[in-house]
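Step one of this worksheet: look at the structure below.
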Amino acid sequence: MRTVDALVTGGTGFIGRWLLPELTADGQRVAVLMRGESGRLGELRSWVDAHKGRGDLLHPLPGDLAAPGLRLNADDMVVARTARTIFHLGAAMSFGLPDAVARDVNVEGSLRVAELAADSPRLQRLVLATGFQHRRAPFWMPDNKYHDSKLEADTAVREYAKAHAIPLTVVHPGPVVGDSRTGETTQFWGWPDLVKALWRGRLPVAPGGNHHWMPLVAVNYVAGFIAGAASLDETVGQDYWLLHDSTPPLGELIAAVAGYLGVSAPTLHLPMPLVVLGLRSGLSRWTGLDPEALVFIGTDRFPVADAVRLAEQIGLTEPDPIELACTTTRFLLDTDFGAKTSSERPHSR
Ligand SMILES: NC(=O)c1ccc[n+]([C@@H]2O[C@H](COP(=O)([O-])OP(=O)(O)OC[C@H]3O[C@@H](n4cnc5c(N)ncnc54)[C@H](OP(=O)(O)O)[C@@H]3O)[C@@H](O)[C@H]2O)c1
């Protein structure tokens, strides 16, 4: 392939994987920036085929967000610059992320992708996936370099895009869980860690009070939205919060999932600073919950109206968040929390 319609970074990841069938089913030729050995392409193509996309339309670009020029060779750089849409989903996303990695991959890497966009003569859109929280975590929360670097990358890419007249669309997914139809996920940490703790009888308290929540969103909803929004003129310069606003408070959500699992729900709510203290004083190992995960639980609400309206226009239906949580839980149990799948990616310290 000498020209492509789209370039995707993070195509081997959770959201990127679901985006590829959306794009290729539409006949788009998609370059995928990929790390690692060439054998990964076969697995990705099969996965895309199995999810109603066309693996044959994928064009691998061996590269690395953390390297100058994305470590693309000259020929691949020529191909990359033919993309009309660049979807930047690649990121280093884990707990205990070293500062240097967060900076090289998430901040500098995002700027490298923005530079590529500025040098792409056919470019019509750069889509950036970033976090859903507007601000830094409170001082008593553990450091989360992923979260901080995403905030920094968001600002840096916006400034760069403005200075170089790049048509930018920014999406802010909430914590992403499985496919709303099947529960399928390739991300087995974050929300899945809470489900696992509950299933093992190791979640004695619900984190936070009655207004704390973790706004879930289905991966197929996010992928469908990103693919649909990228081709609409009205989405240039816009931000979209992709999360199911009717997600109940965390205690209620946990109780619903406990009911689904047939286990006892925690009856005690613990203020967040005390949850942090407990996890830091040794309960992290016993519960399997990383204190850094608490950054995704809060009381802020988000401006979802524009995304909801656009999703309807694109033809997406929001799943019921409790059903979504239970469908994902079913998949987690069926796969023994990822132990029985091949596409789980490493994540933690
Ligand atoms: N999942 C969520 O809940 C969520 C919520 C809000 C925002 N987001 C954002 O959405 C985007 C996608 O998230 P995700 O959940 O799909 O993440 P993910 O599953 O962790 O996937 C990350 C992707 O980035 C790639 N990557 C990491 N380091 C790289 C490097 N140095 N060079 C090239 N590629 C690299 C990974 O490639 P390998 O396969 O080689 O590791 C993988 O394809 C990210 O920007 C994330 O911050 C995610």
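Summary table
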quantity: Most mobile listed residue (V295, V101, V263) in the chain, GNM with C-alpha springs under 10 Å; calculated: V263
quantity: Two-site FRET efficiency, A339 against R35, from Cβ-Cβ distance with R₀ of 22 Å, rounded to 0.05; calculated: 0.40
quantity: Range of Cα positions in the chain per principal axis (Å), largest first; calculated: 59, 40, 40
quantity: Relative contact order (%) - criterion: Cα under 8 Å, at least six apart; region: the chain; calculated: 18
quantity: Percent of alpha-carbon pairs separated by more than 25 Å within segment 194-349; calculated: 39
quantity: Rel. contact order, % - alpha carbon contacts under 8 angstrom, at least six apart, segment 102-231; calculated: 29
quantity: Angle between the chain longest axis and helix 305-314 axis [Cα atoms, degrees, rounded to 10]; calculated: 60
quantity: Separation between Cα centres of segment 122-186 and segment 215-249, rounded to whole Å; calculated: 12
quantity: Loop-located chymotrypsin sites (Phe, Trp or Tyr not before Pro) in segment 128-183 whose Cβ has at most 11 other Cβ within 10 Å (DSSP); calculated: F139, W140
quantity: Most to least packed among 120-129, 229-238 [average Cβ atoms within 10 Å]; calculated: 120-129, 229-238
quantity: Loop-located GluC sites (Glu not before Pro) in segment 1-96 whose Cβ has at most 16 other Cβ within 10 Å (DSSP); calculated: E37
quantity: Net charge dipole size for the chain [Lys, Arg +1 and Asp, Glu -1 on Cβ; Debye, nearest 20]; calculated: 500
quantity: Using a Förster distance of 45 Å, the FRET efficiency for E323-A74 (Cβ separation, nearest 0.05); calculated: 0.35
quantity: Simple spin-label estimate for E252 and R301 in nanometres, 7 Å along Cα-Cβ; calculated: 1.3
quantity: Calculated FRET value between W140 and A265, using beta carbons and R₀ = 30 Å, to 0.05; calculated: 0.70
quantity: Computed over segment 148-197, Kirkwood Rh from alpha-carbon pairs, angstrom; calculated: 13.7
quantity: The chain: angle of helix 321-334 to the longest principal axis, Cα-based, in degrees nearest 10; calculated: 90
quantity: Cβ crowding within 10 Å averaged over residues, with 103-116, 196-209 ranked highest first; calculated: 103-116, 196-209
quantity: Net charge, T317 excluded, C-beta distance under 14 Å - Lys, Arg +1, Asp, Glu -1; calculated: -3
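Values in this text are rule-based calculations from the coordinates and carry no lab data. The structure presented is a predicted model; accordingly, all values stated were derived computationally and were not measured. Positions of Cβ are backbone-derived with ideal geometry, glycine not excepted, and every protein chain shown enters the neighbour counts.
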